[in-house]
């Protein structure tokens, strides 16, 4: 099966940088950026994060617009290295209004 056929959500590389702040119960104040994003999750490149697969995470996504960060909750589903910054796959876990914002913003 082709890689794209396995994916439930289309991933998009943001046309503008999406800045990220993330934290778990044990790790706070980690920043970075979303390398790609979808209505189902995101790939995050974070500075000096020590997250583990299975960790629940709170993420604030700062898009070019709106001016306020969009909050989201997720779970780390994979972790790996990458060009000096750890990378994490996050699957969104809450279906509230922020999911609608994320969907709208990545399509804009």
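The values are calculated or read from the model by the stated rules, or taken from the named source; none is laboratory data. These numbers come from a predicted model, not from an experiment. Methodologically, a virtual Cβ is constructed for each residue, glycine included, from the backbone with ideal geometry; neighbour enumeration extends over all protein chains shown.
Scan region 1-24 for residues that are in a strand (DSSP E or B) and either modelled with pLDDT of 85 or more or buried (at least 17 other Cβ atoms within 10 Å of the Cβ) (or both) and the total you get is 5. Just one of (1) at pLDDT 85 or above; (2) in contact with a strand residue (DSSP E or B) (Cβ under 7 Å, 6 or more places away or on another chain); (3) assigned to a loop (DSSP other than H, G, I, E, B) fails for residue 27. It is (2). Scan region 36-61 for residues that are crowded, with 19+ Cβ neighbours inside 10 Å, out of contact with any helix residue (DSSP H, G or I) (no Cβ under 8 Å at 6 or more places or on another chain) and in contact (Cβ under 8 Å) with a residue 40 or more places away in the chain and jot them down. 41, 42, 43, 44, 46 - these are the residues of region 36-61 that are crowded, with 19+ Cβ neighbours inside 10 Å, out of contact with any helix residue (DSSP H, G or I) (no Cβ under 8 Å at 6 or more places or on another chain) and in contact (Cβ under 8 Å) with a residue 40 or more places away in the chain.
For region 69-90, name all the residues that are at pLDDT 80 or above and farther than 15 Å from residue 38 by Cα. Within region 69-90, 69, 78, 79, 80, 85, 86, 87 meet the criteria.
Among the residues making up region 92-108, a single one is modelled with pLDDT of 90 or more and either in contact with a helix residue (DSSP H, G or I) (Cβ under 8 Å, 6 or more places away or on another chain) or surrounded by 15 or more Cβ atoms within 10 Å (Cβ to Cβ) (or both): 92.
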